[in-house]
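Report on the structure given below.
The values are calculated or read from the model by the stated rules, or taken from the named source; none is laboratory data. All figures in this text were calculated on a predicted structure; none of them were measured in a lab. No Cβ is skipped: glycine too gets one built from the backbone with ideal geometry, and neighbour counts run over all protein chains shown.
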Amino acid sequence: MNLPEPIAQACAPLFEALPLDQAMERLRGSAPMHTDLVERVLAHPSMTGRADLAAGLWLYVDDLDRSHTISQSLEDETGAYWHGIMHRREGDYSNSHYWMRRAARHPLIAANAHYDPGQLIDDVERGFKPELGAARGLRLVDLIARQQQEWQNLFEWCANHR
């Protein structure tokens, strides 16, 4: 991951214990793990005042409740983006769309015209309706990979834009 060195060092124990390709393997639901590591990461001096990164780290370990509490306190496009991801992961697709519309001007979304967070919401929802997912060629493994890539892009953006 492309992170500033102090943030990379703070996050290293978590990313070693739970590599990105093994994180967020659930598209819906919450089964928190490695919460003790996240708490240690957030105690690192480089993470002080970084609610944007905290919201992402709690999503990374599937603690949707903690991520939600933090993301809803962020009153900008970044908070709306994390908030939209969290609602998609809890299966509240209409609320996820609402928050993604609020995040639409986020520089990461604006800079990637090919990326449509609303489409990912719709694809995840269809993925849970076998008759619709199969018709669109949606595979769970592909949706998880898209979710992991989305997380990585936003986490890196947050870490590098302060």
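Figures for the structure shown
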{"item": "Close pairs (8 angstrom Cβ cut-off, 6 or more residues apart or separate chains): on the phi < 0 side of the Ramachandran plot in segment 3-16, β-branched (V, I, T) and surrounded by 14 or more Cβ atoms within 10 Å (Cβ to Cβ) anywhere", "result": "A10/V41; C11/V41; P13/V41; L14/V38; L14/V41; L14/V61"}
{"item": "Breaking point among (1) touching a residue at least 12 places away in the same chain (Cβ under 8 Å); (2) under 21 Å from A31 (Cβ atoms), for A145", "result": "(1)"}
{"item": "Answer residue from segment 64-107, given it is under 27 Å from A31 (Cβ atoms) and among the charged types (D, E, K, R) and is surrounded by the most Cβ atoms within 10 Å (Cβ to Cβ) among those", "result": "R88"}
{"item": "A110 exposed (fewer than 15 other Cβ atoms within 10 Å of the Cβ) and closer than 17 Å to F155 by Cα", "result": "yes"}
{"item": "Condition check for H34: at pLDDT 95 or above, of a type outside the set (G, A, S) and under 13 Å from the mean Cα position of the chain (by Cα)", "result": "no"}
{"item": "Residue match in segment 74-95 (condition: at pLDDT below 95, under 15 Å from the mean Cα position of the chain (by Cα), within 24 Å of L3 (Cβ to Cβ) and among the aromatic types (F, W, Y))", "result": "no"}
{"item": "Number of the condition not met by S30 [criteria: (1) over 16 Å from Q148 (Cα atoms); (2) of a type in the set (G, A, S); (3) in contact with an Asp or Glu (Cβ under 6 Å, 6 or more places away or on another chain); (4) surrounded by fewer than 21 Cβ atoms within 10 Å (Cβ to Cβ)]", "result": "(1)"}
{"item": "Segment 122-156, residues that are at pLDDT 95 or above and in contact with a Phe, Trp or Tyr (Cβ under 9 Å, 6 or more places away or on another chain)", "result": "E150, W151, N153, L154, F155"}
{"item": "D52 being closer than 28 Å to I121 by Cα, surrounded by 13 or more Cβ atoms within 10 Å (Cβ to Cβ) and free of Cβ contacts under 8 Å to residues at least 60 places away in the same chain", "result": "no"}
